[in-house]
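Structure, as structure tokens:
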Amino acid sequence: MHTQRLQPRDTAEAAEILRRGGLLGIPTETVYGLGANGLNPDAVGHIFAAKGRPQDNPLILHIPSADWLERYCVDIPDTAYALAERFWPGPLTMVLRRKRVVPDVVTAGLDTVGMRCPAHPVCRAILAAADVPVAAPSGNTSGRPSPTTAAGMLEDMDGKIDGIVDGGPCAVGVESTIVDLTVMPPRLLRPGGVTLEQLRDALGEVVVDPAVTRLMGAGEQPRAPGMKYRHYAPKAPVTVVQGAPAAAARYIQAHMAPGDGVICFDEYAGLFAGHPLEQLGPSTDVPEQARRVFEALRWFDGTGVSRIWAQCPAAAGIGLAVANRLNKAAGFHIVRAE
Ligand code: TXA
Ligand code: MG
């Protein structure tokens with residue numbers, strides 16, 4: 001398959017690819033997505049094939065506005081509209097009860113569906129022109145870190161999709177926050193661009209699913225099926241070092257071997273001369289760390305490092321999402337520097 005490179009102005013061609021049942025790389029404010037017409041089961045099936053994604057991992061539907069919720073969902077609680085009012089368009093996915101019109105292949109047979117209204121202007125233009133809900137997971141091969149640039153997505157998807165629209169680097173850099181509104185109290189299934197603090201401010205009590213902060217045991221079933229898979233992982237094993245930034249940097253310097261790589265905050269780059277290195281941004285600039293974390297993880301696959309050591313922000317604000325992605329990349333192999 002030849003993958004067509006499209007520009008933001010090529011909205012009509014992009015929408016046409018979706019409408020005729022093709023696969024389209026779409027920029028969103030979080031990460032690039034691999035989109036297909038969410039009402040066309042064959043097209044949605046091709047998403048799973050292109051990603052090598054397990055069939056039991058459901059997809060989320062992207063819609064142009066909250067008005068579309070009623071087309072695909074039932075028993076929609078008032079809290080969904082309150083969240084939409086406050087955070088849509090934006091990096092928030094709500095899990096709601098689905099209607100039968102949503103194909104089983106989208107929801108992996110679940111009676112719920114994840115709904116998201118993205119903010120990226122190019123994505124919004126494509127959704128409006130296509131006039132269909134777009135099923136889209138992140139545009140990576142299953143298990144790899146999510147792409148935050150068109151070039152990153154093409155590394156995984158060139159020749160496997162019909163087109164990709166280059167909307168520039170993603171402004172948020174980690175995937176959307178997922179909140180399950182079918183349970184009381186609402187449950188955070190995946191931290192992302194909308195913070196837990198913001199959700200609690202809007203909803204009151206919000207429970208954090210255990211899969212966010214620890215490895216799930218063999219018999220445990222996480223609420224977001226995707227959270228059970230090895231994820232975001234580079235080829236080399238990752239060790240996350242928590243603690244105050246200066247102490248964590250010194251810990252890594254003391255424990256690393258020749259041939260190890262490091263992901264560090266900008267201030268400490270000088271400690272690791274001679275090692276393959278990716279900078280996450282200043283230790284105080286967590287939004288910048290969110291924008292860089294996936295590209296940092298992906299970069300090491302082109303190096304021969306035997307291990308990757310990673311500094312990690314505190315689990316507050318969007319730092320909860322950055323820490324979650326790093327911890328998952330490490331298989332929750334975490335040490336604490338005192
Ligand atoms: O920011 C994002 O959400 C990006 C962009 C492209 O919109 N999309 C994305 O999709 O991250 P994906 O498929 O990579 O991650 C969606 C996660 C998976 O872990 C999946 O298991 C979970 O959402 N999920 C989807 N539908 C669900 C449902 N009905 N109940 C619980 N979890 C669900
Ligand atoms: Mg994904």
P(r) tail fraction, the range 4-212 - alpha-carbon pairs more than 24 Å apart, %: 35 percent
For a quick check of your reading of the filter: which GluC sites (Glu not before Pro) in the range 217-284 sit in a DSSP loop and have no more than 15 other Cβ atoms within 10 Å? Glu220
For the chain, set up a Gaussian network in which alpha carbons nearer than 10 Å are linked by springs, and say which option among Ala82, Ala50, Ala150 fluctuates the most. Ala82
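How would you classify the range 161-273 from its alpha-carbon gyration tensor, with a ≥ b ≥ c the square roots of the eigenvalues: rounded for a/c under 1.5, else prolate if a/b is greater than b/c, otherwise oblate?
On the way: a/c = 1.78, a/b = 1.55, b/c = 1.15.
Prolate, because a/c is 1.5 or more and a/b exceeds b/c.
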Going 7 Å from the Cα of Met1 along its beta-carbon direction, which residues of the range 130-153 have the amide nitrogen within less than 16 Å of the resulting point? 135-142, 153
Rounded to the nearest 5, what % of DSSP beta bridges with both residues in the chain are antiparallel? 40 percent
What are the trypsin sites (Lys or Arg not before Pro) within the range 1-79 that DSSP puts in a loop, where the Cβ has at most 13 other Cβ atoms within 10 Å? Arg9, Arg20
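Read the figures in this text as sums done on the coordinates, not as results from a lab. Predicted, not measured: the structure shown is a model, and the values here were computed from it. Note that we place each Cβ from the backbone using ideal geometry, even for glycine, and neighbour counts take in every protein chain shown.
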